[in-house]
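In what follows, a single structure is set out as structure tokens and then discussed.
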Amino acid sequence: ALCERDKVKFTVHTKTTLSSFQKPEYSVQRQHEDFIWLHDTIVETEEYAGLIIPPAPPKPDFEGPREKMHKLGEGESSMTKEEYAKMKQELEAEYLAVFKKTVQVHEVFLQRLSSHPMFRKDRNFQIFLEYDQDLTVRRKNAKEMFGGFFKNMVKSADEVLISGVKEVDEFFEQEKNFLLDYSSKIKDATAKAEKMTRSHKNVADDYNHISGALNNIAADNNTAFKKHLEKCAEVFEKLRKVEDRMASDQELKLTELLRYYTRDIQAAKDLLYRRARALADYENSNKALDKARLKGKDVAQAEENQKQCLQKFDKLSESGKKELTSFKARRVVAFRKNLIEMTELEIKHAKVRRLKCYVYHYMFIRQCSGILI
Amino acid sequence: MSGGCGRNPPPFPDDEDQERAELDTQVLDSDEDDEDDEGEDIFTGARSKAITPTSAPDEGDIFSEEGSYVRSDVHHTTNGLHSDEELDLFTEATVELTLTNTTSQGRREIIGPTVSACNTTHVPNSILKPSIVTKTMEELKEEESGDQFELNIAVTNPEKIGDGMNAYMSYKVSTQTTLPMFLNKTFSVRRRFSDFLGLYEKISAKHSLVVGKEFLMLTLVGKEDSSSAEFVEKRRAALERYLQRVVAHPSLLQDPDVREFLERDELPRAVNTQALSGPGLLKMINRVSDAVNKMTIKINESDNWFESKLQEVENEEQLLRRLHAAVDSLVNHRKELCSNTVVFSKSVAMLGSVEENSALSRALSQLAEVEDKMEQLHQQQAFSDFFILAELLADYVRLLGAVRCCFEQRMKVWQRLQEAQSTLQKKREAEAKLLWANKPEKLQQAKDDINEWESKVSQYERDFERVTCTVRKEVLRFEKEKARDFKQHIVKYLESLLHTQHRLVKCWEAFLPEAKAIA
């Protein structure tokens, strides 16, 4: 699927050879809320309880750049035209970066759905891709929101209970421990990475201000020294660009990676939770069966119930194992790819920066010796 | 070649400079054109154009011996050949130093036979790496002015002497010089802070119109925790800058007090420095700057030089303040980046320890190490941001204030002259009245008065002339000094940036194979 963008609408472009689709190619407009709807319906589908459901993409967040744009507009009168133009340019770049990120995230969501043998057959998924009218998705009204919130609370309470449930299967026991630990660590790492990236951007911003201030001084000065100052301003300007790019690349590759996997780990944990829930249900049904047998009433029903619970549990366990194993592999691959890409980008940018420093340094020496002041 | 350079050809062999200029513009152009900034491209582009200079035979000789002035070690042996090999110059950290060495040597050769065996020890500076290049610039300056003296001062080695209440920091002041007026070529003494204050007191009494004598340690007086390492370092650096500025001024250098300060083993303990340290000093300096702000006297100038200069100085001071604020912000943000990086590094290490896949786990802990190294680099960079740029700017903001002080003093002299002139006028009128009223006994007195005031007036006129001349000379000298100082510092700063960048590249390059090894 290809995603393009127009305001808060996404254009989802699908090419397919699957027979279940009517046409080989589709292009529809979707909004963020539609993605959420799709995600939620899949979560609520009982059948998929044994699968790791790809996490929903986060809401596109343009607050940051929008606020800055606003501030810039207010402060326009207090800076020079060049400074204003530069800052505007920088803000536009930031806007673009956020845009790219959000497109990527939505795209990844759909791609995971489509590459999974079960999900791609999902009816709702097909509708999502095919239906060429607006999916007038009913937004969750207040009651549903509250219901959802409550469910989450119950879930976390249950999680505590569930982690106390004795685990028979070694594999799942290991997974549970690993996931719980990993989840907290990765959340932490994500937060720290975000802070680091922000500091990086601040440094780049400062370069911009320094460059502006130097230009101001140069404008006032009319000795040969002026050229030095202008060159110096140029140095900082160029440094800023590189610094900025380094920071956003780092963000895209590293921080985004960490963010995404925080969510993914959560989805894996959800799977474990559902399975544990099923286990608990099974155990409850066992107890109910025993009770029924004691009372001699509704035995057949209780037996049926128990059988069903067992089935469900087994199914979940089986598919869960598969999913978690492939999840591991997926994670390693993703980390590898992103780390390599990030490193390569960092090297590239750092080399550029180094080269520029070199050139300017050399130039300055030349200039200094060449000018009699 | 685009005419973008517009530099005055220096007194070097012209060809070579033209070509150098050409190199620069071309490098610049390729720099600007290349939006996508492939480092390698720019480099090769520049390199191929750089070859032209070395193809000239005489330069070829110089450069083949010492390495071309373009950054390539390979040119060493090629004697002007076009080297086609893929130069990854940057893999060798040592090459950079080679460059600076060869550059300076190259320069000296070019300067010609006037350079005798100069004492080329450079300022031993505990923060900044000895930069041979800046030394070269200084040498050039000396050559141009015809002098061949050198005077390098360093303030190093702060040591705590004594205990408790009477403890103080003692600094080593080392001087290296070829000036004949000193007894030795190299010598050092130990001084403490109050000695510096004492020197300041003596100088400021005698040289009221010198800019640069100012004791510019406003921030270091009183407020900060005086035992922290950072504080000691800041103070040491500031004392060093102070002394360097003092000896850079020709008339201060001649002053016996300065010489005594540098040479004499034991200085009598400066008394009355209590008034000068701490809040006393602060108050005094603030008073001066306040007074300067209230300058409202208008002098009838024959030329506008003083007026426009004053305006210039005031503007520049404002702009420098703003620049200083920006650099300060940079220092702070970089420090922030340092701490965030460290925290992140720890977090990644934790993640790596939890990770099941062993290759990924190893890679993550490597990443943590890389981030750690980056933090050190950032720390260093912040350090040089501060000491090279921020302190320089702070000093100059205050120095500009001192320049305004000079103007103020000139105005005071002028005012005195005006007052004397009006008094003379009054005396003359009084005499006229007496003549008219015909009181001969008072007449003599009046005549005496007039004579007295006439001589005063001419004295003050001469004073004013002298002060005007001095201030003008001083301001010009100061501006020259300032330009030179700024240039030196910019070069130093770029050098520090360069070093940091280089290490950074190495860090990431070391990590890449680890990342690739994740299976």
* Does residue A:247 satisfy the condition of being more than 27 Å from residue B:362 (Cβ to Cβ) and part of a helix (DSSP H, G or I)? -> no
* Asked: Among the residues of the stretch A:241-285, which ones are among the basic types (Lys, Arg) and either modelled with pLDDT under 80 or under 30 Å from residue A:205 (Cβ atoms) (or both)?
  -> A:241, A:245, A:253, A:259, A:263
* Asked: Looking at this structure, is residue B:511 touching a Ser or Thr at 6+ places or on another chain (Cβ under 6 Å), within 9 Å of chain A (Cβ to nearest Cβ), buried (at least 16 other Cβ atoms within 10 Å of the Cβ) and touching a residue at least 60 places away in the same chain (Cβ under 8 Å)?
  -> yes
* For residue B:317, which of the numbered conditions (1) more than 9 Å from chain A (Cβ to nearest Cβ); (2) modelled with pLDDT under 85 fails to hold? -> (2)
* Residues A:230, A:243, A:251: which one is over 22 Å from residue B:505 (Cβ atoms), of a type in the set (Asp, Glu), more than 9 Å from chain B (Cβ to nearest Cβ) and in contact (Cβ under 8 Å) with a residue 12 or more places away in the chain? -> A:230
* Residues that are more than 8 Å from chain A (Cβ to nearest Cβ), touching a helix residue (DSSP H, G or I) at 6+ places or on another chain (Cβ under 8 Å) and either buried (at least 17 other Cβ atoms within 10 Å of the Cβ) or within 17 Å of residue A:196 (Cβ to Cβ) (or both), drawn from the stretch B:321-338 -> B:324, B:328, B:331, B:335, B:338
* Asked: Under the condition of being acidic (Asp, Glu) and within 22 Å of residue B:461 (Cβ to Cβ), which residue from the stretch B:424-450 is nearest to the chain's Cα centre (by Cα)?
  -> B:449
* To do: Quickly run through the stretch B:372-382 and pick out the residues that are farther than 18 Å from residue A:239 by Cα and touching a residue at least 60 places away in the same chain (Cβ under 8 Å).
  => B:373
* Asked: residue A:72: of a type in the set (A, V, I, L, M) and at pLDDT below 75, yes or no?
  -> yes
* Some residue of the stretch A:278-290 being away from every other protein chain (no Cβ under 14 Å), more than 28 Å from the chain's Cα centre (by Cα) and of a type in the set (Ser, Thr, Tyr) -> yes
* Structure fact -> All-but-one check, residue A:163 against (1) within 25 Å of the chain's Cα centre (by Cα); (2) polar (S, T, N, Q); (3) at pLDDT below 75, failing number (1)
* Looking at the stretch A:83-135, which of its residues are in contact with a strand residue (DSSP E or B) (Cβ under 8 Å, 6 or more places away or on another chain) and of a type in the set (A, V, I, L, M)? -> A:103, A:110, A:129, A:135
* Please work out which residue is surrounded by the fewest Cβ atoms within 10 Å (Cβ to Cβ), limiting yourself to the stretch A:304-337 and to residues that are without any contact (Cβ under 8 Å) to a residue 24 or more places away in the chain and aliphatic (A, V, I, L, M). => A:329
* To do: Would you check if residue A:272 is under 37 Å from the mean Cα position of the chain (by Cα), closer than 30 Å to residue A:190 by Cβ and assigned to a helix (DSSP H, G or I)?
  => yes
* **Test result for residue A:237, surrounded by fewer than 19 Cβ atoms within 10 Å (Cβ to Cβ), within 14 Å of another protein chain (Cβ to nearest Cβ), out of contact with any strand residue (DSSP E or B) (no Cβ under 9 Å at 6 or more places or on another chain) and closer than 30 Å to residue A:213 by Cα** => yes
* Boolean, residue A:252 is of a type in the set (A, V, I, L, M, F, W, C), touching a Ser or Thr at 6+ places or on another chain (Cβ under 9 Å), in the same structural domain as residue A:347 (by the TED database) and assigned to a helix (DSSP H, G or I) -> no
* To do: Collect the residues in the stretch A:179-206 that are under 26 Å from residue A:346 (Cα atoms) and more than 7 Å from chain B (Cβ to nearest Cβ), keeping them in residue-number order.
  => A:187, A:190, A:191, A:194, A:197, A:198, A:201, A:204, A:205
* To do: Taking the residues in the stretch B:353-365 that are without any contact (Cβ under 8 Å) to a residue 40 or more places away in the chain and under 46 Å from the mean Cα position of the chain (by Cα) as candidates, determine which candidate is nearest to the other protein chains (Cβ to nearest Cβ).
  => B:364
* Asked: List pairs: first in the stretch B:238-250 and touching a residue at least 24 places away in the same chain (Cβ under 8 Å), second assigned to a helix (DSSP H, G or I) and among the aromatic types (Phe, Trp, Tyr), Cβ under 8 Å, 6+ apart or cross-chain?
  -> B:239/B:193; B:239/B:196; B:242/B:196
* To do: Those residues that are surrounded by fewer than 22 Cβ atoms within 10 Å (Cβ to Cβ) and part of a helix (DSSP H, G or I), I need them from the stretch B:347-367; list them, please.
  => B:349, B:350, B:352, B:353, B:354, B:358, B:359, B:361, B:362, B:365, B:366
* Asked: Checking residue A:369 against (1) within 8 Å of chain B (Cβ to nearest Cβ); (2) over 30 Å from residue A:232 (Cβ atoms), which single condition isn't satisfied?
  -> (2)
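The values are calculated or read from the model by the stated rules, or taken from the named source; none is laboratory data. Owing to the predicted nature of the structure, the values given are computational and were not obtained by experimental measurement. All Cβ positions, glycine included, derive from the backbone under ideal geometry; neighbour counts span all protein chains shown.
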